[in-house]
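The values are calculated or read from the model by the stated rules, or taken from the named source; none is laboratory data. Only a predicted model underlies this, so the values are computations on that prediction, with no experimental measurement involved. Quick reminder, even Gly has a Cβ in these numbers, built from the backbone with ideal geometry, and neighbours come from all protein chains shown. Accessible surface is based on the protein model in full, side chains and every heavy atom, while ligands, DNA and RNA are left aside. Shrake-Rupley method; radii C 1.70, N 1.55, O 1.52, S 1.80 Å.
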Amino acid sequence: MVSPPYILDNADACARYQALWEEAPGRTVFASLRYARAVDEAYGLGSFMHFCGEDAALLLHTKGRGPLRRVIVPPFTQYSALLLGKPTPAHQVHKRIAPLDHFLKHIEQKARSADLLVKANDPRTAQWRGWDVRPLFTYIIDLPGSIDDWSEGARRTWRSKASSYRIQEDPCHLRPIIDLCVKSYERHGRRMPGKPAALESVVTAMGPWARTFAAIRNNTVEGGVVILHDDRTAHYWIAGSIPGAAMTVLIGEVLPILYASGIARFDFVGANTPSIAEFKRTFGPVLTQYYHLRRPPQIHFPR
């Protein structure tokens with residue numbers, strides 16, 4: 001039911017995948033071929049396209065070979081590349097014949113372990129196959145949004161501090177923003193996933209799909225964000241700031257710019273750390289759920 005793996009150099013398979021990506025209602029930029037090629041190059045991955053039927057596809061990022069192959073989620077990748085042309089009927093889920101069921105079975109046969117981040121209304125398919133299923137959350141705004149939907153504190157900060165900052169869109173601010181992102185992770189006791197040089201490589205490869213904005217005061221970048229987008233949804237992708245008003249001002253200025261560019265939705269890329277989730281909540285978004293599907297490493301004893 002699942003096709004053989006196709007590499008990203010296969011022109012026919014890429015054309016088929018691209019057509020599905022363009023039509024899939026739940027597609028994201030993270031499922032694009034451009035993104036797959038960018039992370040392959042930056043992180044030394046192998047990516048393979050698989051098809052199930054006429055309107056379902058899954059692009060997997062892998063590390064290792066043979067019995068050591070692992071399906072991974074590359075650093076700073078919010079969603080795995082699962083394309084479903086239409087909702088899966090419940091009876092297919094119950095009969096264990098849904099496209100996701102076929103894809104997971106294929107992964108089980110080909111990889112030692114696997115991690116997927118999927119937007120799915122029904123994750124029972126994975127649960128019934130013995131995968132670990134963990135709910136995750138993000139905040140989403142339908143643009144243009146309105147400052148009237150913000151919390152009182154966020155509105156007050158934006159109105160009182162906006163004039164203190166100069167907002168500039170320029171790729172030259174990328175490295176200072178990555179440095180701020182590293183420090184933001186450190187303040188939360190964590191290490192930023194991936195190396196700065198690799199992340200810079202991905203941003204550069206994404207070209208116009210990655211837009212770099214900075215909030216500048218006294219000639220210093222105090223806050224910045226790289227927005228990753230397709231022509232539908234923008235993602236709060238790489239972000240960092242010094243503690244203060246810079247990021248609130250920056251978001252307030254960037255959202256109208258994105259809307260004017262034809263973007264319909266803004267995804268805050270996660271609401272799974274309490275303090276970060278609270279900051280994002282102040283902009284009046286809607287809480288949305290997705291899932292981490294994990295197949296732990298399988299140990300095979302030699303006979």
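Points to keep in mind about this one:
- Close amide H pairs (under 5 Å, H built 1.01 Å from N) link LEU136 with TYR290, TYR291, HIS292, residues at least 5 positions away or on another chain.
- LYS110 accessible area, 1.4 Å probe, all protein chains in place, Å² to nearest 10: 110 Å²
- ILE147-THR273 FRET efficiency (beta carbon distance; Förster radius 22 Å; 0.05 resolution): 0.35
- Size descriptor, Kirkwood hydrodynamic radius, that averages inverse alpha-carbon separations across the stretch 244-303, Å: 14.9 Å
- Relative pair counts by distance (%), Cα atoms of the chain, 20 Å bins: 32, 56, 12, 0
- For the stretch 205-296, the list of trypsin sites (Lys or Arg not before Pro) that fall in a loop by DSSP and count at most 16 other C-beta atoms within 10 angstrom reads ARG232.
- Within the assembled protein chains, the solvent-accessible surface assigned to LEU117 is about 30 Å², based on a 1.4 Å probe.
- Length added when fully stretched, THR288-LEU45, from 0.36 nm per residue minus Cα-Cα: 84.5 nm
- Look at where the Cα atoms of the stretch 1-78 and of the stretch 167-223 average out, and the two centres are 26 Å apart.
- Coupling constants for the stretch 226-231 follow from the phi torsions by the Karplus curve (6.51 cos²θ - 1.76 cosθ + 1.60, θ = phi - 60°), and in residue order they are 9, 8, 9, 8, 10, 8 Hz; glycine and proline get x.
- For the stretch 145-302, share of DSSP beta bridges that run antiparallel, in % to the nearest 5: 85 percent
- A full extension of the chain between THR220 and SER164 corresponds to an added length of 19.0 nm, given 0.36 nm per residue minus the alpha carbon distance.
- With Cα atoms, 0 to 90° folded angle of helix 174-187 axis to the chain main axis: 80 degrees
- One decimal place: the segment GLU22-ASP55 gains 10.7 nm when fully extended, by the rule 0.36 nm per residue minus the C-alpha distance.
- For the stretch 265-270, backbone phi angles converted through the Karplus equation (6.51, -1.76, 1.60; θ = phi - 60°) give residue-by-residue couplings of 9, 10, 9, 6, 6, x Hz, Gly and Pro being listed as x.
- The residues of the stretch 178-303 expose, per residue, 48 Å² of accessible area to a 1.4 Å probe.
- Solvent-accessible surface (1.4 angstrom probe) belonging to SER164, in square angstrom, nearest 10: 50 Å²
- Isotropically averaged projected area of the stretch 148-303, using the convex hull of Cα atoms (one quarter of hull area), nm²: 12.1 nm²
- Over the chain, relative contact order from alpha-carbon pairs under 8 Å, at least 6 apart, %: 22 percent
- Pairs over the 23 Å Cα-Cα cut-off, from the set LYS183/LYS280; LYS63/LYS195; LYS86/LYS280; LYS63/LYS86: LYS86/LYS280; LYS63/LYS86.
- Modelled label reach - ARG232, point 7 Å along Cα→Cβ, the stretch 1-32 residues with backbone N closer than 13 Å: 19-32
- Placing a label point 7 Å from the Cα of GLN109 along the Cα-to-Cβ direction, the residues of the stretch 23-64 whose backbone N falls under 15 Å of that point are 50-53.
- In this structure the stretch 1-130 gives 47 Å² per residue of accessible area when probed at 1.4 Å with all protein chains present.
- For the chain, carbon and sulfur atoms together expose 51% of the accessible surface, with a 1.4 angstrom probe and every protein chain in place.
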